[in-house]
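Okay, so here's the structure we're looking at.
The values are calculated or read from the model by the stated rules, or taken from the named source; none is laboratory data. Here the structure is a predicted model, which means the values were calculated and not measured. Here Cβ is always computed from backbone atoms with ideal geometry, including for glycine, and neighbour counts include all displayed protein chains. We work out accessible area using only protein heavy atoms, side chains counted, and drop any ligands, DNA or RNA first. Shrake-Rupley method; radii C 1.70, N 1.55, O 1.52, S 1.80 Å.
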Amino acid sequence: PLLPESEASGAPEGDATSRNPYAGLVSHLRASWLSGKTRPLEYRTAQLEALGRFLDDKKQQILEATASDLGKVPFEAELSEIFLSKNELYETLKNLSRWMKDEQVDRTLATRMDSAFIRKEPYGVVLIIAPWNYPIHLFLVPLIGAVAAGNCVIVKPSEMSKKTERIVAEGLPSYLDKDCFAVVTGGVPETTRLLENKFDYIFFTGSPPVGRIVMTAAAKHLTPVTLELGGKNPCYVSDTCDVTNVARRVAWGRFFNAGQTCIAPDYLLCTVEMQEKLIPALREAITDFYGPNPRESPDFGRIAGTSSSGGCRGCCAAGAWPSGDRRTRRSATSVRLGGHPRLHPCVEYISGLEKIMTGTGCLARKVAFCTGGRSWWDDQGVLSDLRAWLMPSCFLAAAPTVLADVQPSDPIMQEEIFGPILPIVVITSTDEAIDFINSRERPLALYAFSSDDKVVNQVLERTSSGGFCGNDTLMHMSMPSLPFGGIGNSGLGRHHGKFSFDTFSHHRGCLKRGMGWEPLNAPRYPPYSQQKFGV
Ligand code: NAD
């Protein structure tokens, strides 16, 4: 092997297993990687095809598990979990042999007789940590890139989406080479222990606070990371646009998966005149999509609970949280509204809404409409009305809600919403919208709507974000030809298609020289003399 075993495994001395339960696994995968078996195109292709079979065979189970874990609408699950993953797989299989080829580069005068190229090499043993909101897509799409690049991989799916986690843990290993790929399950304690090991690359998708924890752990081993994080994605709507189309495209992006999408438009920026036009148009779009009572709609998702994880069925009613659950150890004072489970999502959602009601005292006046859920916002009994929305399964059927005239200082403008609520912040001009965007953390996605291409370009040129989509929402992430990733607080690095392959490949700069032509080297050898260069 290229590395001594102790360094390769990262295992401490002494009772290694109890101190570091994953050391043996990491060491085994590293030995497989060092054997070179993952390098040939045929091997990688066979593993990728096996991932395709996993998706085909388990499709029905996946749709049922995501419905049970997250209240996911089957059509949305099929589109986001299955179709987009297969699309990525198809793109990768189609192009892999080309991507793997050495890239010839320009040579200098001194190396013009030689061979200079970039070799795309696997990093080694890769760790992929995934979140719960798209529990298949968000481990599988990076896994496709890591396998394509010839790495050995440990996948750590989210413990929040329990049934999906089980399908991955019990089903996936039988499709892949067990010497090179493994699934580790668990929550914070397990992930913490896992992160003590030396990996060659870590790919993390999740929240910015946990991203910091992962990056700190990686720094100990100088392990490179990709961090796919979240944040508040602005959506600017200029005065010149087709309001009906804008409303439909925004409503789809905001309310897909009940708003639990990292690139969902988080808030709208527009003039007061446009706000007046948008509110009825959004109401119409929402009613068109989900009917007058979205709670009854089979096409409207749920705010994820964890009833299927066995952790908290009934805890909402009792007002108690399961002990040992990582969410209970996080701040109970979060004003976050959405399903991001710092607390039980339902509890968090309710307490977030309560806080907004009582904390600012006046936000109720800002509710432009709340389709099928008007009573949430009565001054009395907000909590009990919300509880009436709790499904027997412990999911929250949160009503699509649009808030008007929201102030930048309002609680809802402080954190990623991750739920079906759309605040509108009024600005007076495109310049003011740009200043507003630039005064905040750089988002994962940024949207700009205008029938004037100059306005879309103006927003594009004067702002910074992970990705950008003009005149639509979410669609940019469906293209494997575009890099997907954040910047600043929304993440580090990129993936999808060739960008994934490159992310998981070390680009090794190589020069192969011939043994002859030695007189050409004479000028560089001591004793040094300008004359040797003919100066
Ligand atoms: P999370 O950060 O709480 O958890 C993500 C993963 O990290 C899980 O597997 C979890 O087990 C693990 N984890 C959690 N706490 C940990 C700790 N203290 N130490 C070690 N590991 C820990 O995120 P989440 O709630 O599962 O997902 C929602 C977040 O993910 C949102 O912020 C959303 O915007 C973001 N997200 C980003 C993308 C993207 O592509 N950029 C995609 C989906 C979700």
Filtered residue count, region 221-241, keeping only those that are within 14 Å of the ligand (Cβ to nearest atom) and not acidic (D, E): 8
Residue satisfying all of: in region 210-219; more than 7 Å from the ligand (Cβ to nearest atom) and free of Cβ contacts under 8 Å to residues at least 12 places away in the same chain; nearest to G491 (Cα to Cα) among these: R212
From S68, S27, residue being among the hydroxyl-bearing types (S, T, Y), more than 21 Å from Y201 (Cβ to Cβ) and open to solvent by less than 40 Å² (accessible area, probe 1.4 Å): S68
Cβ-Cβ under 9 Å pairs, at least 6 apart or on other chains, region 462-489 side modelled with pLDDT under 95 and more than 12 Å from the ligand (Cβ to nearest atom), far side in a helix (DSSP H, G or I) and β-branched (V, I, T): P480/T92
Among (1) within 15 Å of the ligand (Cβ to nearest atom); (2) in contact (Cβ under 8 Å) with a residue 40 or more places away in the chain; (3) among the hydrophobic types (A, V, I, L, M, F, W, C), the one test that A149 misses: (1)
Number of the exception - K454 against (1) in contact with a helix residue (DSSP H, G or I) (Cβ under 9 Å, 6 or more places away or on another chain); (2) free of Cβ contacts under 8 Å to residues at least 40 places away in the same chain: (1)
Residue count, region 38-49 (criterion: touching a helix residue (DSSP H, G or I) at 6+ places or on another chain (Cβ under 9 Å) and part of a helix (DSSP H, G or I)): 6
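Determine which member of the set F204, F199, F181 is within 9 Å of the ligand (Cβ to nearest atom) and aromatic (F, W, Y).
On inspection, the qualifying residue turns out to be F204.
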Positions within region 395-440 being open to solvent by 10 Å² or more (accessible area, probe 1.4 Å) and of a type in the set (S, T, N, Q), in sequence order: Q407, S409, Q414, T428, S429, T430, N438, S439
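Any idea which of G187, G211 is closer than 30 Å to P420 by Cα and at pLDDT below 95? First the steps, then the outcome.
Working: G211 fails: at pLDDT below 95.
Result: G187 is the single residue among G187, G211 that is closer than 30 Å to P420 by Cα and at pLDDT below 95.
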Some residue of region 271-279 being open to solvent by 10 Å² or more (accessible area, probe 1.4 Å), within 10 Å of the ligand (Cβ to nearest atom) and not in a strand (DSSP E or B): no
Matching entry among L79, L127 (being surrounded by fewer than 17 Cβ atoms within 10 Å (Cβ to Cβ), within 16 Å of the ligand (Cβ to nearest atom) and not in a loop (DSSP other than H, G, I, E, B)): L79
Pairs, first of a type in the set (G, A, S) in region 503-522, second in a loop (DSSP other than H, G, I, E, B), C-beta under 9 Å, six or more apart: S505/Y123; S505/A149; S505/G150; S505/N151; G509/V105; G514/M113; G514/D114; G516/M113
For A67: the one exception among (1) at pLDDT 95 or above; (2) within 29 Å of the chain's Cα centre (by Cα); (3) assigned to a helix (DSSP H, G or I): (1)
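Could you list, in sequence order, the residues of region 509-523 that are in a helix (DSSP H, G or I) and small (G, A, S)? Spell out the reasoning first.
We begin by selecting, within region 509-523, every residue in a helix (DSSP H, G or I); these are 518-523.
Selection gives A522 alone.
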Out of S115, S97, S35, sole residue that is touching a helix residue (DSSP H, G or I) at 6+ places or on another chain (Cβ under 6 Å) and either surrounded by fewer than 16 Cβ atoms within 10 Å (Cβ to Cβ) or at positive phi (or both): S97
